[in-house]
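Beneath this line is the structure, given in structure tokens, with notes to follow.
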Amino acid sequence: MRRAGIAALGAYAPAHILSNAALERLVDTTDQWITSRTGIKERRIAASDEASSDLAVQAVRDLARRFPQFDPGALDLILCATATPDTLFPATASLVQHRVSATRAAACDIGAGCTGFVYALALASGMVQAGSAQQVLVLGAETLSRIVDWQDRATCVLFGDGAGAALVAPVERGGFLSFVLGSDGSGASDLCLPAGGSRQPASPHTLQERLHYLRMNGREVFKFAVPALEQSTRQALSHAGLALPDLDLLVPHQANVRILQAAADRLGLPMERVVVNVERYGNTSSASIPLALVEALDQGRLKSGQRAVLAGFGAGLTWGAALVEWSW
Ligand SMILES: CC(C)(COP(=O)(O)OP(=O)(O)OC[C@H]1O[C@@H](n2cnc3c(N)ncnc32)[C@H](O)[C@@H]1OP(=O)(O)O)[C@@H](O)C(=O)NCCC(=O)NCCS
């Protein structure tokens, strides 16, 4: 079977920076609390006229700048991982498909919380390997600033906006070596957006109770995240017949630096081999892995022939890891 890999990447973060100092003026919090509990110093916030599809389009433009051979007309499929689509329907992927003139491409959204980007990579890779698609554009695009409750200090300090784009296509060497995907719906209520769907449609009651905002049981999610990150990383390596010494770089979902440190500790992985940029973006859900990966590549931290695990965890609860051998 042919191999699939990431042929090109792009990312975008909105210009407006919301610092911890600015948050101190918004809710009862301190830079000291946020920094010590999460590692986050600032996050990006989309402009009032920017929705998730707009951020995704900017990420595709960044990809096209970095990879001039990119031809939207050659795309077979666009998968957009997002927990904050422009609208429940149509899919944000369809909006992007139109905006970038991907006239031949099918398009749909993937909902797997912060693991969405890894899920979308796995689906794209499977289709390319099977020969059902030649080129798939995988997007992670989020405007979490639109669904956090700016009156809830326990959650609003954690999240930010951003987008990433990856072109998944056949590769001659390297590429995806394995995937691990999982879900445990028993933890659904630990991280959710209660209203606005078919369970609790919008009503005066849901508005009054602020049920259209993200709700999270932070301690439970923390307890879930650390072993999820550790185990999915180990499994992705073992599925490919490899082990931790074979791993050059871990590119985890950027939720909280303490989660990343605890998982790295369990893995026995020095932090020099873990990409961390949560201090500048906060948790951007499905956009966080591509934002971190682009940065790592720009810094020369991942080179051709090296192996990286891209690992996510989040609402569902879901988790997932992709082991990739970099080929450019
Ligand atoms: C949210 C999180 C940072 C909280 O850290 P924590 O050390 O568990 O903090 P606790 O929940 O124990 O809260 C401690 C205290 O800080 C307070 N607090 C919460 N948010 C605060 C804020 N922004 N500023 C100041 N104090 C705050 C709480 O009210 C609590 O006060 P109390 O003890 O008087 O009740 C942490 O649980 C976490 O990161 N969880 C995972 C979240 C996540 O990554 N979600 C996305 C996954 S994709």
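The values are calculated or read from the model by the stated rules, or taken from the named source; none is laboratory data. A quick note: this is a predicted structure, and the numbers were derived from the prediction, not measured. So basically every Cβ, Gly included, is an ideal-geometry build from the backbone, and we count neighbours across all protein chains shown. Quick note on the areas: whole protein, heavy atoms, side chains included, nothing else; ligands and nucleic acids left out. Shrake-Rupley method; radii C 1.70, N 1.55, O 1.52, S 1.80 Å.
Here are the numbers:
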item	result
Phi-based couplings in Hz for region 186-200 (Karplus 6.51, -1.76, 1.60; Gly and Pro marked x)	5, x, 4, 6, 6, 8, 7, 10, x, 10, x, x, 6, 6, 9
Cβ-placed point charges (K, R +1; D, E -1), dipole of region 177-325 about Cα centre in debye, nearest 20	220
Built amide H within the under 5 Å cut-off of residue 8, gap 5+	167
13 Å beta-carbon shell around residue 22, net charge (K/R +1, D/E -1)	+1
Gaussian network model of the chain, Cα within-10 Å springs - most flexible of 98, 212, 253	98
Cβ-placed point charges (K, R +1; D, E -1), dipole of region 4-173 about Cα centre in debye, nearest 20	360
Theoretical ellipticity at 222 nm over the chain - DSSP helices of four or more residues, -39500 (n - 2.57) apiece, nearest 500	-9500 deg cm²/dmol
Mean accessible surface per residue for region 145-200, computed with a 1.4 Å probe while every protein chain stays in place, in Å²	43
For region 258-322: accessible area per residue (Å², 1.4 Å)	31
Environment charge at residue 113 (Cβ cut-off 11 Å; Lys +1, Arg +1, Asp -1, Glu -1)	-2
Amide H partners (placed H, <5 Å) of residue 283, local residues excluded	159, 160
Centre separation in Å (Cα based) which lies between region 258-317 and region 197-227	26
Residue 54 accessible area, assembled protein chains, probe 1.4 Å, Å²	40
Fraction of accessible area attributable to carbon and sulfur, region 4-173 (%, probe 1.4 Å)	52
Most positive-pole-ward Cα, 144, 69, 40, against dipole of region 4-173 from beta carbon charges	69
Computed magnitude of the charge dipole of the chain (debye, nearest 20; Cβ of K, R +1, Cβ of D, E -1)	380
In region 60-156, chymotrypsin sites (Phe, Trp or Tyr not before Pro) in a DSSP loop with at most 10 other beta-carbon atoms within 10 Å	none
Region 46-119-region 132-174 distance, computed between alpha-carbon centres (Å)	9
Neighbour count of at most 14 Cβ within 10 Å plus DSSP loop: longest trypsin sites (Lys or Arg not before Pro)-free window in the chain	211-302
